[in-house]
């Protein structure tokens with residue numbers, strides 16, 4: 001049988017109720033629909049295609065439902081960090097001008113206070129930068145947002161391919177669709193593990 005472990009494992013972690021419904025609907029595929037690695041799991045070919053279609057549809061739906069709140073959470077964090085960075089930059093710029101004016105007039109005490117506040121606003125900007133890139137590399141907040149947007153588009157494409165297959169009643173490419181969805185789920189699960 002085709003490798004469906006990724007789909008089953010994703011459903012087990014993201015939507016266990018859906019996996020349980022699948023197991024009840026396809027008792028002949030109970031071994032295949034069990035999370036973890038299963039060796040030698042076989043299903044009758046006529047039942048396999050129907051089960052694979054149902055598994056693909058359920059997993060695709062769960063993936064879309066999982067992705068949307070993640071994307072919202074990442075976007076909200078991105079907006080908050082951008083606001084903090086903007087506030088830090090505005091305060092720092094405004095106080096730098098005030099510092100120059102205070103030094104020009106010889107107000108050393110006021111200049112010291114302004115310099116301290118400017119330092120704090122610069123630290124605020126650095127803190128925002130840290131939180132934005134705290135996971136670093138490909139897992140930075142901006143890269144995660146870009147990846148989630150890409151996954152959202154790819155899931156929509158997968159759904160379109162599946163709907164076309166349903167409309168034409170032609171599931172010859174179902175195995176390839178499952179493989180593609182499996183790759184998307186691996187990326188989604190990595191992000192989900194970082195943010196949930």
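Please treat every number below as a calculation from the coordinates, not as lab data. Just so it is clear, the model here is predicted, and its values are computed rather than measured. Neighbour counts are summed over all protein chains in view; Cβ atoms, including those assigned to glycine, are modelled from backbone coordinates with ideal geometry.
Points worth noting:
- With Cα atoms, 0 to 90° folded angle of helix 141-168 axis to the chain main axis: 30 degrees
- Approximate spin-label separation residue 172-residue 13, in nm, with each point projected 7 Å along Cα-to-Cβ: 3.5 nm
- Each helix, a run of at least 4 DSSP H residues, gives -39500 (n - 2.57); summed and divided by the residues of the chain, these come to -28500 deg cm²/dmol at 222 nm.
- Put the Cα centre of region 76-103 next to the Cα centre of region 120-196 and the gap is 33 Å.
- Label-point separation in nm, residue 115 to residue 93, each point 7 Å along Cα→Cβ: 2.4 nm
- Spin-label zone in region 78-105 - amide nitrogen under 15 Å from a point set 7 Å from the Cα of residue 122 along the C-beta vector: 88-100
- Angle in degrees between helix 174-195 and the longest Cα principal axis of the chain, rounded to the nearest 10: 30 degrees
- Among 87, 102, 158, residue whose mean-square fluctuation peaks in a GNM of the chain (springs only between Cα atoms under 10 Å): 102
- For 127, 144, 108, order by how many other beta-carbon atoms lie within 10 Å, fewest first: 108, 127, 144
- Additional length obtainable on full extension of the chain from residue 28 to residue 180, 0.36 nm per residue less Cα span: 52.2 nm
- Model label sites at residue 164 and residue 72, defined 7 Å from Cα along the beta-carbon direction, differ in position by 3.1 nm.
- Estimated FRET transfer efficiency (residue 195, residue 104; beta-carbon r; R0 35 Å; 0.05): 0.10
- Axis angle, to the nearest 10 degrees, between helix 16-25 and the longest C-alpha principal axis of the chain: 10 degrees.
- Where only C-alpha atoms are counted, convex hull volume of region 44-196 per residue in Å³: 108 Å³
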